[in-house]
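Report on the structure given below.
The values are calculated or read from the model by the stated rules, or taken from the named source; none is laboratory data. The shown structure was predicted, so the numbers you read here are calculated from the model rather than taken from an experiment. Don't worry about glycine lacking a Cβ; one is built from the backbone with ideal geometry, like all the others, and counts go over all protein chains shown. Ligands, DNA and RNA are excluded from the accessible area calculation, which covers all protein heavy atoms including side chains. Shrake-Rupley method; radii C 1.70, N 1.55, O 1.52, S 1.80 Å.
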Protein chains: 2
Amino acid sequence: MGGRDTAQRKQDALAALARERDAWVASADATGEVHLIPLSYYWDGVSLTMATPEKSKTTRNLIRAGRARVALPSTDDVVIVEGPVEIVAIDREPQLGDAHAAATGFDARLEPEPYVYLRLTPATIQTWRDAAELTGRTVMRDGAWRGD
Amino acid sequence: MGGRDTAQRKQDALAALARERDAWVASADATGEVHLIPLSYYWDGVSLTMATPEKSKTTRNLIRAGRARVALPSTDDVVIVEGPVEIVAIDREPQLGDAHAAATGFDARLEPEPYVYLRLTPATIQTWRDAAELTGRTVMRDGAWRGD
């Protein structure tokens, strides 16, 4: 009853972030028009970095909001991450570009269209596998792991 | 090169909607604050019906917007559906309630908290499996299948 404890959920969520490659990224404009797309990411243990065209709806929406809400694909092992987003110019951090290309199999620096990196640092992480785990699903709040 | 043709994509998208059980549901409030949660759905061949607490953020956001954007979980076989949402009172269509409970394994009519059904009828469907399929990814527009 109750499912995994907080320490186990933290460990599993970190493993899922390291193992997975794509996330569903939700964003909205100032009038509340919502957008939802899949993006590949690079996880460095602390932040997720995604690349999108500079002129895309998602880039515009996330610059405006300053925050993003993304989810790993699985709905049986839910991991939802919310937090502030930093825009990183495509040539500002060459090591980030290399790491992102290696993790995603796609080098945004080689695209004909200008891209930017979006670096999301989790402030909130929610994770659950079934209804019994809905209680206690918030394992990180305000950037701090619960129980730390 | 180019991937599946439109007819194949339509067939595959319909099969995925019938086969899957959960979707990622994006919504936003009037100020552009975004929300993203997984919901189970019942697919009747034409619409997806989900159940959410009447007082949830998602219900509020979708009533406001009148439309929803949802995605099946897989990012390797992307199916994104957008369209108008109708709110169905929990006891208005008993057959819908039975079908939803059978499809999702969860009867929203038995919850202590009041629920509503959200019936999303696709106006736009986008589907692709890899970058080669990004061209031609919109297989339904304004409620009409492309090529019909």
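Any residue at all in region B:104-113 that is open to solvent by less than 40 Å² (accessible area, probe 1.4 Å), assigned to a helix (DSSP H, G or I) and modelled with pLDDT of 95 or more? Yes.
Considered as a group, the residues in region A:129-148 that are open to solvent by 60 Å² or more (accessible area, probe 1.4 Å) and of a type outside the set (D, E, K, R) include one that is nearest to the other protein chains (Cβ to nearest Cβ), and that residue is A:Ala131.
Annotation note: of B:Arg19, B:Arg69, the sole residue that is under 15 Å from the mean Cα position of the chain (by Cα), surrounded by 20 or more Cβ atoms within 10 Å (Cβ to Cβ) and among the basic types (Lys, Arg) is B:Arg69. Set side by side, the residues B:Ala7, B:Ala13 differ, and just one is part of a helix (DSSP H, G or I) and open to solvent by less than 40 Å² (accessible area, probe 1.4 Å), which is B:Ala13.
If you check B:Gln95, B:Gln126 for being crowded, with 20+ Cβ neighbours inside 10 Å and out of contact with any Pro (no Cβ under 7 Å at 6 or more places or on another chain), only one passes: B:Gln126. Consider region A:46-96 and keep the residues that are over 23 Å from A:Glu20 (Cβ atoms) and part of a loop (DSSP other than H, G, I, E, B). The one that is farthest from the other protein chains (Cβ to nearest Cβ) is A:Arg92.
Looking across region A:23-40, the residues that are facing chain B (nearest Cβ under 7 Å) and touching a residue at least 40 places away in the same chain (Cβ under 8 Å) come down to A:Trp24, A:Ala26, A:Ser27. Selection of first residues in region A:41-63 that are in contact (Cβ under 8 Å) with a residue 60 or more places away in the chain and over 26 Å from B:Thr31 (Cα atoms) and of second residues that are of a type outside the set (Lys, Arg) and assigned to a helix (DSSP H, G or I), restricted to Cβ pairs under 6 Å at least 6 apart or on distinct chains, gives the following pairs, ordered by first then second residue: A:Tyr42/A:Ala99; A:Tyr42/A:His100; A:Tyr42/A:Ala103; A:Trp43/A:Leu17; A:Trp43/A:Ala18.
For region B:44-66, which residues satisfy the criterion of being surrounded by fewer than 19 Cβ atoms within 10 Å (Cβ to Cβ) and farther than 14 Å from B:Pro84 by Cα? Answer for region B:44-66, where residues must be surrounded by fewer than 19 Cβ atoms within 10 Å (Cβ to Cβ) and farther than 14 Å from B:Pro84 by Cα: B:Asp44, B:Gly45, B:Pro53, B:Glu54, B:Lys55, B:Ser56, B:Lys57, B:Arg60.
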